[in-house]
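**Q** Below you'll find the structure I mean.
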Amino acid sequence: MSELGIRTIFQKNIKMKKETLKLFNQINEDDVFHAMDSNFNDVANIWYNIQTEWMKHSYKVFQDSEKYLILIYLFLRALETYSKYLIKLNIEDYFGKDKIEIESFNLIDISKKLNIPKESARRKIIELEKSKIILRLKKKLIIDRSAFQYQRPIKSIVRISSFLSNFSEILFKEKILKKKISSDKIDKYIRQNFTFCRKFFYEMYIPNLVLWKNYHGDLDTFHIFSICMVNNKKNTGINAKSISDISGIPRATVIRKLKLLVKKKILKFDNKKLYIFNEAKIVGDLIKIQTEITKKLSSFTTKIFNAMMV
(Lines give C-alpha, C1' and ligand atoms only; values in the text may rest on other atoms or scores of the structure.)
Protein backbone atom coordinates (compact mmCIF):
# COMPACT_ATOMS: atom_id res chain seq x y z
CA MET A 1 0.00 0.00 0.00
CA SER A 2 1.30 3.47 -0.86
CA GLU A 3 2.30 6.01 1.77
CA LEU A 4 -0.64 8.19 0.65
CA GLY A 5 -3.06 5.29 1.20
CA ILE A 6 -1.69 4.59 4.68
CA ARG A 7 -1.95 8.29 5.58
CA THR A 8 -5.57 8.41 4.35
CA ILE A 9 -6.53 5.38 6.48
CA PHE A 10 -4.75 6.90 9.48
CA GLN A 11 -6.63 10.20 9.07
CA LYS A 12 -9.96 8.35 8.78
CA ASN A 13 -9.22 6.43 11.97
CA ILE A 14 -8.42 9.68 13.80
CA LYS A 15 -11.67 11.20 12.52
CA MET A 16 -13.68 8.14 13.61
CA LYS A 17 -12.02 8.23 17.03
CA LYS A 18 -12.94 11.88 17.50
CA GLU A 19 -16.56 11.22 16.43
CA THR A 20 -16.74 8.23 18.82
CA LEU A 21 -15.42 10.36 21.67
CA LYS A 22 -18.09 12.96 20.93
CA LEU A 23 -20.74 10.26 21.00
CA PHE A 24 -19.45 8.98 24.35
CA ASN A 25 -19.81 12.53 25.77
CA GLN A 26 -23.57 12.36 25.24
CA ILE A 27 -25.68 11.82 28.34
CA ASN A 28 -28.55 9.36 28.65
CA GLU A 29 -32.12 10.59 29.11
CA ASP A 30 -33.01 7.78 31.56
CA ASP A 31 -30.02 8.69 33.75
CA VAL A 32 -31.09 12.34 33.71
CA PHE A 33 -34.66 11.42 34.63
CA HIS A 34 -33.58 9.31 37.62
CA ALA A 35 -31.29 12.11 38.83
CA MET A 36 -34.04 14.70 38.43
CA ASP A 37 -36.69 12.51 40.02
CA SER A 38 -34.44 11.89 43.05
CA ASN A 39 -33.19 15.47 43.46
CA PHE A 40 -36.04 17.60 42.15
CA ASN A 41 -36.52 19.43 45.46
CA ASP A 42 -33.03 20.92 45.06
CA VAL A 43 -34.05 22.78 41.87
CA ALA A 44 -37.83 22.90 42.32
CA ASN A 45 -38.00 26.55 43.39
CA ILE A 46 -36.32 27.74 40.20
CA TRP A 47 -38.58 25.60 38.01
CA TYR A 48 -41.77 26.64 39.82
CA ASN A 49 -40.77 30.30 39.43
CA ILE A 50 -40.24 29.77 35.67
CA GLN A 51 -43.68 28.17 35.51
CA THR A 52 -45.41 30.93 37.49
CA GLU A 53 -43.74 33.75 35.51
CA TRP A 54 -44.74 32.11 32.25
CA MET A 55 -48.36 31.71 33.35
CA LYS A 56 -48.48 35.31 34.56
CA HIS A 57 -47.29 36.58 31.18
CA SER A 58 -49.68 34.32 29.25
CA TYR A 59 -52.67 35.65 31.21
CA LYS A 60 -51.49 39.26 30.93
CA VAL A 61 -51.39 39.20 27.11
CA PHE A 62 -55.04 38.25 26.46
CA GLN A 63 -56.61 37.59 29.89
CA ASP A 64 -57.17 34.20 28.29
CA SER A 65 -54.52 31.53 28.89
CA GLU A 66 -55.99 29.11 26.34
CA LYS A 67 -55.76 31.70 23.58
CA TYR A 68 -52.09 32.21 24.44
CA LEU A 69 -51.61 28.43 24.46
CA ILE A 70 -52.96 28.28 20.90
CA LEU A 71 -50.57 31.05 19.89
CA ILE A 72 -47.44 29.36 21.28
CA TYR A 73 -48.53 26.11 19.64
CA LEU A 74 -48.57 28.00 16.34
CA PHE A 75 -45.09 29.35 17.15
CA LEU A 76 -43.97 25.76 17.72
CA ARG A 77 -45.28 24.80 14.26
CA ALA A 78 -43.18 27.61 12.77
CA LEU A 79 -40.10 26.42 14.69
CA GLU A 80 -40.72 22.88 13.40
CA THR A 81 -40.61 24.29 9.87
CA TYR A 82 -37.28 26.01 10.60
CA SER A 83 -35.93 22.70 11.88
CA LYS A 84 -37.25 20.83 8.84
CA TYR A 85 -35.29 23.15 6.52
CA LEU A 86 -32.23 23.20 8.84
CA ILE A 87 -32.74 26.88 9.68
CA LYS A 88 -31.23 27.90 13.02
CA LEU A 89 -31.64 31.54 14.08
CA ASN A 90 -30.17 33.41 17.03
CA ILE A 91 -32.43 35.53 19.20
CA GLU A 92 -31.67 38.78 17.37
CA ASP A 93 -32.43 37.34 13.93
CA TYR A 94 -35.57 35.61 15.17
CA PHE A 95 -37.00 38.80 16.63
CA GLY A 96 -35.71 40.91 13.75
CA LYS A 97 -38.98 40.40 11.90
CA ASP A 98 -42.47 40.76 13.34
CA LYS A 99 -44.21 38.36 10.96
CA ILE A 100 -43.88 34.59 11.35
CA GLU A 101 -45.23 32.24 8.65
CA ILE A 102 -46.74 28.85 9.43
CA GLU A 103 -46.78 26.34 6.59
CA SER A 104 -50.04 24.57 7.38
CA PHE A 105 -53.02 25.16 9.64
CA ASN A 106 -55.36 22.52 10.99
CA LEU A 107 -58.09 23.35 13.50
CA ILE A 108 -58.70 19.70 14.42
CA ASP A 109 -54.99 19.24 15.16
CA ILE A 110 -55.00 22.26 17.49
CA SER A 111 -58.14 21.00 19.24
CA LYS A 112 -56.69 17.52 19.82
CA LYS A 113 -53.15 18.52 20.78
CA LEU A 114 -54.27 21.21 23.25
CA ASN A 115 -57.46 19.45 24.42
CA ILE A 116 -59.62 22.46 23.56
CA PRO A 117 -63.13 21.81 22.18
CA LYS A 118 -63.16 22.37 18.42
CA GLU A 119 -65.70 25.21 18.55
CA SER A 120 -63.83 26.95 21.37
CA ALA A 121 -60.58 26.70 19.40
CA ARG A 122 -62.34 28.07 16.30
CA ARG A 123 -63.78 31.00 18.28
CA LYS A 124 -60.42 31.89 19.82
CA ILE A 125 -58.69 31.75 16.43
CA ILE A 126 -61.37 34.04 14.94
CA GLU A 127 -60.74 36.46 17.84
CA LEU A 128 -57.01 36.37 17.08
CA GLU A 129 -57.84 37.15 13.43
CA LYS A 130 -60.08 40.07 14.39
CA SER A 131 -57.25 41.45 16.52
CA LYS A 132 -55.00 41.16 13.41
CA ILE A 133 -52.60 38.95 15.36
CA ILE A 134 -52.99 36.19 12.78
CA LEU A 135 -53.76 36.45 9.07
CA ARG A 136 -55.08 33.44 7.18
CA LEU A 137 -53.78 32.89 3.63
CA LYS A 138 -55.47 29.76 2.24
CA LYS A 139 -53.88 26.97 4.34
CA LYS A 140 -51.11 29.19 5.67
CA LEU A 141 -51.12 31.49 8.68
CA ILE A 142 -49.09 34.61 9.37
CA ILE A 143 -48.54 35.68 13.01
CA ASP A 144 -47.87 39.38 13.51
CA ARG A 145 -46.02 39.87 16.79
CA SER A 146 -46.36 43.66 16.53
CA ALA A 147 -50.15 43.32 17.01
CA PHE A 148 -49.92 42.21 20.66
CA GLN A 149 -47.74 42.41 23.77
CA TYR A 150 -45.03 39.93 22.93
CA GLN A 151 -41.80 40.43 24.84
CA ARG A 152 -38.47 38.82 24.13
CA PRO A 153 -38.13 36.01 26.70
CA ILE A 154 -34.98 37.47 28.27
CA LYS A 155 -36.00 36.78 31.88
CA SER A 156 -37.22 33.34 30.86
CA ILE A 157 -33.84 32.50 29.29
CA VAL A 158 -32.02 33.68 32.43
CA ARG A 159 -34.24 31.52 34.66
CA ILE A 160 -34.02 28.46 32.39
CA SER A 161 -30.22 28.86 32.26
CA SER A 162 -30.11 29.08 36.05
CA PHE A 163 -32.27 25.96 36.37
CA LEU A 164 -30.11 23.98 33.94
CA SER A 165 -26.87 25.16 35.54
CA ASN A 166 -28.03 24.19 39.03
CA PHE A 167 -29.17 20.83 37.76
CA SER A 168 -25.86 20.30 35.94
CA GLU A 169 -24.19 20.39 39.36
CA ILE A 170 -26.43 17.52 40.47
CA LEU A 171 -25.60 15.60 37.28
CA PHE A 172 -21.91 16.21 37.94
CA LYS A 173 -22.22 14.83 41.49
CA GLU A 174 -24.09 11.83 40.09
CA LYS A 175 -21.20 11.36 37.60
CA ILE A 176 -23.53 11.82 34.63
CA LEU A 177 -21.89 15.07 33.49
CA LYS A 178 -18.13 15.56 33.53
CA LYS A 179 -18.44 19.09 34.95
CA LYS A 180 -20.96 21.71 36.00
CA ILE A 181 -22.05 24.09 33.24
CA SER A 182 -22.30 27.77 34.16
CA SER A 183 -25.57 29.64 33.66
CA ASP A 184 -23.72 32.23 31.55
CA LYS A 185 -22.53 29.55 29.14
CA ILE A 186 -26.03 28.07 28.86
CA ASP A 187 -27.57 31.53 28.44
CA LYS A 188 -25.13 32.33 25.62
CA TYR A 189 -25.82 29.01 23.89
CA ILE A 190 -29.61 29.46 24.03
CA ARG A 191 -29.38 32.99 22.60
CA GLN A 192 -27.07 31.88 19.79
CA ASN A 193 -29.25 28.86 18.95
CA PHE A 194 -32.58 30.37 19.89
CA THR A 195 -34.99 28.69 17.43
CA PHE A 196 -33.33 25.32 18.04
CA CYS A 197 -33.63 25.58 21.85
CA ARG A 198 -37.05 27.24 21.82
CA LYS A 199 -38.43 24.32 19.83
CA PHE A 200 -37.16 21.92 22.52
CA PHE A 201 -38.71 24.11 25.23
CA TYR A 202 -42.15 24.27 23.58
CA GLU A 203 -42.09 20.51 22.87
CA MET A 204 -41.64 20.00 26.60
CA TYR A 205 -43.76 22.81 28.01
CA ILE A 206 -46.92 22.67 25.88
CA PRO A 207 -47.70 19.00 26.73
CA ASN A 208 -46.96 19.78 30.40
CA LEU A 209 -49.49 22.62 30.34
CA VAL A 210 -52.05 20.31 28.73
CA LEU A 211 -51.44 17.73 31.48
CA TRP A 212 -52.08 20.33 34.19
CA LYS A 213 -55.06 21.73 32.28
CA ASN A 214 -56.60 18.26 32.06
CA TYR A 215 -56.12 17.71 35.79
CA HIS A 216 -57.42 21.10 36.97
CA GLY A 217 -60.02 21.67 34.26
CA ASP A 218 -58.52 24.96 33.04
CA LEU A 219 -55.23 26.87 32.98
CA ASP A 220 -56.38 29.63 35.35
CA THR A 221 -56.84 27.06 38.11
CA PHE A 222 -53.40 25.67 37.31
CA HIS A 223 -51.96 29.21 37.48
CA ILE A 224 -53.42 29.67 40.97
CA PHE A 225 -52.20 26.20 41.95
CA SER A 226 -48.67 27.12 40.72
CA ILE A 227 -48.56 30.24 42.88
CA CYS A 228 -49.61 28.20 45.92
CA MET A 229 -46.94 25.65 45.00
CA VAL A 230 -44.19 28.32 44.95
CA ASN A 231 -45.47 29.80 48.18
CA ASN A 232 -45.63 26.37 49.81
CA LYS A 233 -41.84 26.10 49.45
CA LYS A 234 -41.59 29.08 51.82
CA ASN A 235 -43.64 27.14 54.40
CA THR A 236 -46.27 29.88 54.60
CA GLY A 237 -49.87 30.17 53.50
CA ILE A 238 -51.22 32.73 51.05
CA ASN A 239 -54.51 34.61 50.70
CA ALA A 240 -56.72 35.26 47.68
CA LYS A 241 -55.73 38.94 47.35
CA SER A 242 -52.03 38.08 47.13
CA ILE A 243 -52.72 35.40 44.52
CA SER A 244 -54.76 37.89 42.49
CA ASP A 245 -51.98 40.49 42.71
CA ILE A 246 -49.33 37.98 41.58
CA SER A 247 -51.35 36.38 38.78
CA GLY A 248 -53.35 39.33 37.46
CA ILE A 249 -56.47 37.15 37.63
CA PRO A 250 -59.49 39.03 39.12
CA ARG A 251 -59.96 38.36 42.83
CA ALA A 252 -63.50 37.00 42.37
CA THR A 253 -62.20 34.41 39.90
CA VAL A 254 -59.33 33.53 42.24
CA ILE A 255 -61.71 32.96 45.16
CA ARG A 256 -63.96 30.75 43.01
CA LYS A 257 -61.01 28.65 41.81
CA LEU A 258 -59.58 28.38 45.34
CA LYS A 259 -62.88 27.02 46.57
CA LEU A 260 -62.72 24.31 43.89
CA LEU A 261 -59.15 23.42 44.91
CA VAL A 262 -60.25 23.17 48.55
CA LYS A 263 -63.25 21.06 47.52
CA LYS A 264 -60.89 18.69 45.67
CA LYS A 265 -58.77 18.64 48.86
CA ILE A 266 -55.70 19.87 46.97
CA LEU A 267 -55.60 22.95 49.22
CA LYS A 268 -56.67 23.49 52.80
CA PHE A 269 -56.58 26.32 55.36
CA ASP A 270 -53.93 26.87 58.01
CA ASN A 271 -54.67 28.34 61.46
CA LYS A 272 -54.49 31.87 59.97
CA LYS A 273 -57.10 31.02 57.32
CA LEU A 274 -54.44 31.10 54.59
CA TYR A 275 -54.36 28.60 51.74
CA ILE A 276 -51.75 25.82 52.00
CA PHE A 277 -51.20 22.48 50.30
CA ASN A 278 -52.85 19.33 51.50
CA GLU A 279 -49.68 17.21 51.52
CA ALA A 280 -51.60 13.91 51.63
CA LYS A 281 -53.46 14.80 48.45
CA ILE A 282 -50.25 15.80 46.67
CA VAL A 283 -48.64 12.46 47.47
CA GLY A 284 -51.78 10.68 46.28
CA ASP A 285 -53.19 12.27 43.13
CA LEU A 286 -50.44 14.54 41.84
CA ILE A 287 -47.46 12.23 41.98
CA LYS A 288 -48.28 10.61 38.61
CA ILE A 289 -48.61 13.97 36.88
CA GLN A 290 -45.38 15.22 38.44
CA THR A 291 -43.60 12.07 37.21
CA GLU A 292 -44.81 12.66 33.63
CA ILE A 293 -43.74 16.29 33.80
CA THR A 294 -40.33 15.32 35.19
CA LYS A 295 -39.87 12.93 32.26
CA LYS A 296 -40.54 15.70 29.75
CA LEU A 297 -38.34 18.15 31.64
CA SER A 298 -35.57 15.52 31.72
CA SER A 299 -35.88 15.06 27.97
CA PHE A 300 -35.57 18.82 27.41
CA THR A 301 -32.54 19.01 29.73
CA THR A 302 -30.85 16.07 27.97
CA LYS A 303 -31.36 17.59 24.53
CA ILE A 304 -29.89 20.96 25.56
CA PHE A 305 -26.83 19.48 27.29
CA ASN A 306 -26.17 17.01 24.48
CA ALA A 307 -26.47 19.76 21.87
CA MET A 308 -23.97 21.87 23.81
CA MET A 309 -21.47 18.98 23.92
CA VAL A 310 -21.48 18.24 20.17
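The values are calculated or read from the model by the stated rules, or taken from the named source; none is laboratory data. Note that this is a predicted model, so its numbers are computed, not measured. Please note: Cβ atoms are built from the backbone with ideal geometry, for glycine as well, and neighbour counts cover all protein chains shown. These area figures cover heavy atoms from the full protein model, side chains too; ligands, DNA and RNA do not enter into them. Shrake-Rupley method; radii C 1.70, N 1.55, O 1.52, S 1.80 Å.
**Q** Somewhere in the stretch 112-119, is a residue over 17 Å from K199 (Cβ atoms), open to solvent by less than 40 Å² (accessible area, probe 1.4 Å) and among the polar types (S, T, N, Q)?
**A** No, the conditions are met nowhere in the stretch 112-119.
**Q** So the check is Cβ under 9 Å with 6+ separation or different chains; which pairs have a first residue in the stretch 298-310 that's farther than 13 Å from E29 by Cβ and of a type in the set (S, T, Y) and a second one that's at pLDDT 95 or above and surrounded by 16 or more Cβ atoms within 10 Å (Cβ to Cβ)?
**A** Filtered contacts from the stretch 298-310: no entries.
**Q** Any residue in the stretch 59-71 that's free of Cβ contacts under 8 Å to residues at least 40 places away in the same chain: show its pairings with residues that are of a type outside the set (D, E) at Cβ separation under 7 Å, as long as the two are six or more apart or on different chains.
**A** Qualifying pairs under 7 Å: Y68/S58; Y68/V61; Y68/F62.
**Q** L171 versus (1) in a helix (DSSP H, G or I); (2) at positive phi: which is the lone unmet condition?
**A** So the condition that L171 fails would be (2).
**Q** Still on this structure, please answer the following. Restricting attention to the stretch 113-128, does a residue exist that is of a type in the set (D, E) and either in contact with a His (Cβ under 9 Å, 6 or more places away or on another chain) or closer than 30 Å to H216 by Cα (or both)? It would help to see each step written out before you state the result.
**A** So the first thing to find is which residues in the stretch 113-128 are of a type in the set (D, E), and the list is 119, 127.
Checking the rest, the ones that are also either in contact with a His (Cβ under 9 Å, 6 or more places away or on another chain) or closer than 30 Å to H216 by Cα (or both) come to 119, 127.
Taking every residue of the stretch 113-128 in turn, at least one turns out to be of a type in the set (D, E) and either in contact with a His (Cβ under 9 Å, 6 or more places away or on another chain) or closer than 30 Å to H216 by Cα (or both).
**Q** Here is a further query. Is it the case that the stretch 191-210 has a residue that's touching a residue at least 60 places away in the same chain (Cβ under 8 Å), farther than 19 Å from F75 by Cα and in a loop (DSSP other than H, G, I, E, B)? Walk me through how you get there before you give the answer.
**A** From the stretch 191-210, those touching a residue at least 60 places away in the same chain (Cβ under 8 Å) are 191-210; that's our starting set.
When the remaining residues are screened for being farther than 19 Å from F75 by Cα, the result is none.
No: the stretch 191-210 contains no residue that is touching a residue at least 60 places away in the same chain (Cβ under 8 Å), farther than 19 Å from F75 by Cα and in a loop (DSSP other than H, G, I, E, B).
**Q** May I ask you to list pairs of residues, at least six apart or on different chains, whose Cβ atoms are under 9 Å apart, with the first in the stretch 88-99 being on the phi < 0 side of the Ramachandran plot and of a type in the set (A, V, I, L, M, F, W, C) and the second being assigned to a helix (DSSP H, G or I) and loosely packed, with under 12 Cβ neighbours inside 10 Å?
**A** Qualifying pairs under 9 Å: I91/I154.
**Q** Now, a different point. Can you spot a residue in the stretch 68-77 that is closer than 20 Å to Y205 by Cα and open to solvent by 40 Å² or more (accessible area, probe 1.4 Å)?
**A** Step one: filter the stretch 68-77 for residues closer than 20 Å to Y205 by Cα, giving 68-77.
Next, only the ones that are open to solvent by 40 Å² or more (accessible area, probe 1.4 Å) stay: 77.
Yes, there is a match, as at least one residue in the stretch 68-77 is closer than 20 Å to Y205 by Cα and open to solvent by 40 Å² or more (accessible area, probe 1.4 Å).
**Q** Then there is this: Find the residue count for the stretch 68-127, including only residues that are in a helix (DSSP H, G or I) and not basic (K, R). Even if it seems obvious, please write down each step before you answer.
**A** Just the residues of the stretch 68-127 that are in a helix (DSSP H, G or I), to begin with: 68-84, 91-94, 107-114, 118-127.
Now narrow it down to the ones that are not basic (K, R): 68-76, 78-83, 91-94, 107-111, 114, 119-121, 125-127.
The number of residues fulfilling the criteria is 31.
**Q** To continue, here is another question. Please find, within the stretch 138-163, the residue that is least open to solvent (accessible area, probe 1.4 Å) out of those that are farther than 24 Å from N90 by Cβ and assigned to a loop (DSSP other than H, G, I, E, B).
**A** Among them, the one singled out is K139.
**Q** Sticking with this one: If I filter the stretch 89-103 for residues that are among the β-branched types (V, I, T) and surrounded by fewer than 18 Cβ atoms within 10 Å (Cβ to Cβ), do I get at least one hit? Reasoning before the result, please.
**A** Going residue by residue through the stretch 89-103, those that are among the β-branched types (V, I, T) are 91, 100, 102.
Among the residues that remain, those that are also surrounded by fewer than 18 Cβ atoms within 10 Å (Cβ to Cβ) are: none.
Scanning the stretch 89-103 turns up no residue that is among the β-branched types (V, I, T) and surrounded by fewer than 18 Cβ atoms within 10 Å (Cβ to Cβ).
**Q** Taking N166 as the residue in question, decide whether it is over 23 Å from A35 (Cα atoms) and open to solvent by 10 Å² or more (accessible area, probe 1.4 Å). Explain how you work it out, then say what you get.
**A** Working: over 23 Å from A35 (Cα atoms): no; open to solvent by 10 Å² or more (accessible area, probe 1.4 Å): yes.
No.
**Q** Another question, if that's okay. Collect the residues in the stretch 52-65 that are open to solvent by 40 Å² or more (accessible area, probe 1.4 Å) and of a type in the set (D, E, K, R), keeping them in residue-number order.
**A** The answer is E53, K56, K60.
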